[in-house]
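A.B. asks: Sharing a structure with you now.
The values are calculated or read from the model by the stated rules, or taken from the named source; none is laboratory data. The model shown is predicted, which means the values in this text are computed figures rather than measured ones. Note that each Cβ is placed from the backbone with ideal geometry, even for glycine, and that neighbours are counted across all protein chains shown. These area figures cover heavy atoms from the full protein model, side chains too; ligands, DNA and RNA do not enter into them. Shrake-Rupley method; radii C 1.70, N 1.55, O 1.52, S 1.80 Å.
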Amino acid sequence: GAGVSQSPSNKVTEKGKDVELRCDPISGHTALYWYRQRLGQGLEFLIYFQGNSAPDKSGLPSDRFSAERTGESVSTLTIQRTQQEDSAVYLCASSLELAGVYTGELFFGEGSRLTVL
Amino acid sequence: AQTVTQSQPEMSVQEAETVTLSCTYDTSESNYYLFWYKQPPSRQMILVIRQEAYKQQNATENRFSVNFQKAAKSFSLKISDSQLGDTAMYFCAYTKETSGSRLTFGEGTQLTVNP
């Protein structure tokens, strides 16, 4: 596609349920990021994938959070046993990061708004 | 650790006027990138302008320009001839110059352009 695509756009779930959020990056982009944005706040880094390298999971807030990426394509962020504090917008971004070609610019999707009741 | 600070949670400006959004950052790196991103109500973050730290010349993009003061670690955004469509949350962001260096964002400034 032309841009980063995320689904679902909105998700309402009950406390304790598991949720999966999907991100489809721009074709050819090697890097993929997940960020969390709580209401009225800035972006909190969660996880970073780059090519076939081991992902940087240092931003995941607890072991209830996990993410996978298939090659340089789709990524899924999974939150198990959701809690009310998990309510936020989850933003995915991708970028082209090759040796000698790094601009730092990220291309964002529209996010998935998660509401945990 | 790098930090980015935006000290103005909210700002407003009249249409056609000029407004400046402030941003300061902390880093021990000499080479890095700075960004301003815009997030309208649609939620999608859009790059407004980018500055490379090794360049002394301030970046400009049409009505948007920055005042980059490397020694002071300051990176403000000036919006000239403000338009209603400029109403959005604006985030200042920093990243090191190397691949895989995640962006660190400020808390954002909500800008409202009034007719």
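A.B. asks: Give a quick list of trypsin sites (Lys or Arg not before Pro) in segment B:49-104 that DSSP marks as loop, anything other than H, G, I, E or B, with at most 12 other Cβ atoms within 10 Å.
C.D. replies: The qualifying sites are B:LYS55.
A.B. asks: Across segment B:81-91, in residue order, what do the Karplus-derived ³J(HN,Hα) couplings come to in whole Hz, using 6.51 cos²θ - 1.76 cosθ + 1.60 with θ = phi - 60° and x for Gly and Pro?
C.D. replies: Using θ = phi - 60°, the values come out as 6, 3, 10, 4, x, 7, 4, 4, 8, 10, 10 Hz.
A.B. asks: Give the longest segment of chain B that steers clear of GluC sites (Glu not before Pro) in DSSP loops with at most 16 neighbouring Cβ atoms within 10 Å, not counting the sites themselves.
C.D. replies: Result for the longest clean stretch: B:30-96.
A.B. asks: Same structure again: Within segment B:10-103, list the chymotrypsin sites (Phe, Trp or Tyr not before Pro) lying in a DSSP loop whose Cβ has at most 14 other Cβ atoms in a 10 Å radius.
C.D. replies: Those that pass, being in a loop and sparsely packed, are B:TYR54.
A.B. asks: Moving on to the next point. Please grab the % of Cα pairs in segment B:1-91 that end up more than 23 Å from each other. Mind showing how you got there, number by number?
C.D. replies: Working: 883 of 4095 pairs.
Across segment B:1-91, Cα pairs with separations above 23 Å total 22 percent.
A.B. asks: Where in segment A:14-61 does accessible area fall by at least 10 Å² between the isolated chain and the complete protein assembly, at a 1.4 Å probe radius?
C.D. replies: With the partner chains in place, segment A:14-61 has these residues losing at least 10 Å²: A:TYR33, A:TYR35, A:GLN37, A:GLY40, A:GLN41, A:GLY42, A:LEU43, A:PHE45, A:TYR48, A:ASP56, A:SER58.
A.B. asks: Over chain A, with every protein chain in place, what whole percent of the accessible area is carbon and sulfur at 1.4 Å, could you tell me?
C.D. replies: Roughly 46 percent, rounded to a whole number.
A.B. asks: For B:LYS55, give me every one of the aspartates and glutamates with a C-alpha distance below 15 angstrom, ignoring sequence neighbours fewer than eight places off in its own chain.
C.D. replies: B:GLU29, B:GLU97
A.B. asks: Using alpha-carbon positions, what is the distance between the centroids of segment A:10-39 and segment B:62-98, in Å?
C.D. replies: About 27 Å separates the Cα centre of segment A:10-39 from the one of segment B:62-98.
A.B. asks: Along segment A:104-117, what does the Karplus equation 6.51 cos²θ - 1.76 cosθ + 1.60 (θ = phi - 60°) give for ³J(HN,Hα), rounded to whole Hz, x for Gly and Pro?
C.D. replies: Taking θ as phi minus 60°, the curve returns x, 7, 10, 10, 9, x, 7, x, 10, 8, 9, 10, 10, 8 Hz for segment A:104-117.
A.B. asks: Loop-only check: which trypsin sites (Lys or Arg not before Pro) in segment A:1-90 are DSSP coil with at most 15 other Cβ within 10 angstrom?
C.D. replies: Sites meeting the loop and neighbour criteria: A:LYS15, A:LYS17, A:ARG38, A:LYS57, A:ARG64, A:ARG81.
A.B. asks: A follow-up question, please. Roughly how many debye, to the nearest 20, is the charge dipole of chain A about its Cα centre, given +1 on each Lys and Arg Cβ, -1 on each Asp and Glu Cβ, and no other charges?
C.D. replies: Roughly 340 debye, rounded to the nearest 20.
A.B. asks: Another one. Could you compute Rg(Cα) / (2.2 N^0.38 Å) for the protein assembly as shown, with N its residue count?
C.D. replies: So the Cα radius of gyration is 1.02 times the expected 2.2 N^0.38 Å.
A.B. asks: May I ask for the accessible area buried between chains B and A, both sides summed, probe 1.4 Å, to the nearest 100 Å²?
C.D. replies: The contact between A and B buries close to 1900 Å².
A.B. asks: Let me ask something additional. So which residues of segment B:81-100 lose at least 50 Å² of accessible area, probe 1.4 Å, when you go from the chain by itself to every protein chain present?
C.D. replies: B:SER99, B:GLY100
A.B. asks: Here's something else I'd like to know. Just going by the charge dipole of segment B:3-114, with Lys and Arg at +1 and Asp and Glu at -1 on Cβ, which of B:LEU111, B:GLN83, B:ILE46 is farthest out on the positive end?
C.D. replies: B:ILE46
A.B. asks: Taking all protein chains in place and a 1.4 Å probe, what share, in percent, of the accessible surface of segment B:3-114 do carbon and sulfur account for? Spell out each step's value before the answer.
C.D. replies: Values: 2230 of 5240 Å².
Using a 1.4 Å probe with all protein chains present, segment B:3-114 comes out at 43 percent carbon and sulfur.
A.B. asks: Just to check I understand the Karplus step: with θ = phi - 60° and J = 6.51 cos²θ - 1.76 cosθ + 1.60, what whole-Hz values come out for segment B:19-34, glycine and proline as x?
C.D. replies: 9, 10, 9, 9, 7, 10, 9, 10, 7, 9, 7, 9, 10, 6, 10, 10
A.B. asks: Compute the accessible area per residue over segment B:3-114, keeping the other protein chains in place, probe 1.4 Å, unit Å².
C.D. replies: Here the per-residue accessible area is 47 Å².
A.B. asks: Considering every pair of different Cα atoms, what Kirkwood radius, in Å, is found for chain A?
C.D. replies: On the way: mean 1/r = 0.0700 Å⁻¹.
For chain A, the Kirkwood estimate is 14.3 Å.
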